Amino acid sequence: MQYDIRDHPQAPPVEELREFTMVPISREEILSRREAGASLEEVNLRETRNDVHVELEPDPTERGSHDDIGTALYRLVQLFGTPNVPGYDAGDDLSDREDTTFKYLLRVINESDADERTLPDEWLITVYDYHVELGVGTAAWDDESVDPAEYDDAVEIVSMALATNVVTEPLQCVYKDKWY
């Protein structure tokens, strides 16, 4: 089920909501930035906002349920490959992790008409598991002039909506052409 943000009072104009692309940052770029001394700053939108949420199936064990965190990860893997943030690889040592077991770093590119834009041309978001639910955050490298905590409400709302729509929209599987 897709979620419509147009009714949110802080959403950007409808014309601007039509053209966004989400692109995973390459693992090599992340490693290169880290080796150069940069670190990723993140703002967990689930913790900082109380007016938006990600609604996955409340009981993932219920028969026929297809909107739990496992399904969200499945859809992310199908769209973007395995999680691209180093340190969240399957089979790695989990002893230093708290809640998060997978994480994606994605660039959101605003492809709407430049004359009508109220949102930035592009920004970074993270998508991860958060207390066995979907976590979404705005992000930026600390060696750039962008502070993810200073993004306005519209960027945060669009980030949440894009991530939610990506993980709640079924994908066609190769196996028996089922939608999952």
Shape call, the range 82-134: gyration tensor on alpha carbons, a/c limit 1.5: prolate
Length gained when the stretch E144-D96 is fully extended (0.36 nm per residue, less Cα-Cα span): 14.5 nm
Loop trypsin sites (Lys or Arg not before Pro), the range 71-180, which have at most 13 other Cβ atoms in a 10 Å radius of their Cβ (DSSP): R97, K178
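Note down the magnitude of the dipole of the range 140-180 about its Cα centre, charges +1 on Lys and Arg C-beta and -1 on Asp and Glu C-beta and zero elsewhere, to the nearest 20 debye.
Values: 2 positive and 10 negative charges, 145 e Å.
My answer is approximately 700 debye.
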Separation between Cα centres of the range 134-180 and the range 79-122, rounded to whole Å: 7 Å
Anisotropy class of the range 108-163 from Cα gyration tensor, a/c 1.5 cut: oblate
Per-pair calculated FRET efficiency, R0 = 22 Å: E47 and Y74 via Cβ, rounded to 0.05: 0.30
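Laboratory data are not the source of any read-out in this text; all were calculated from the coordinates shown. Owing to the predicted nature of the structure, the values given are computational and were not obtained by experimental measurement. Counting neighbours? That spans all protein chains shown, and the Cβs are built from the backbone with ideal geometry, glycine included.
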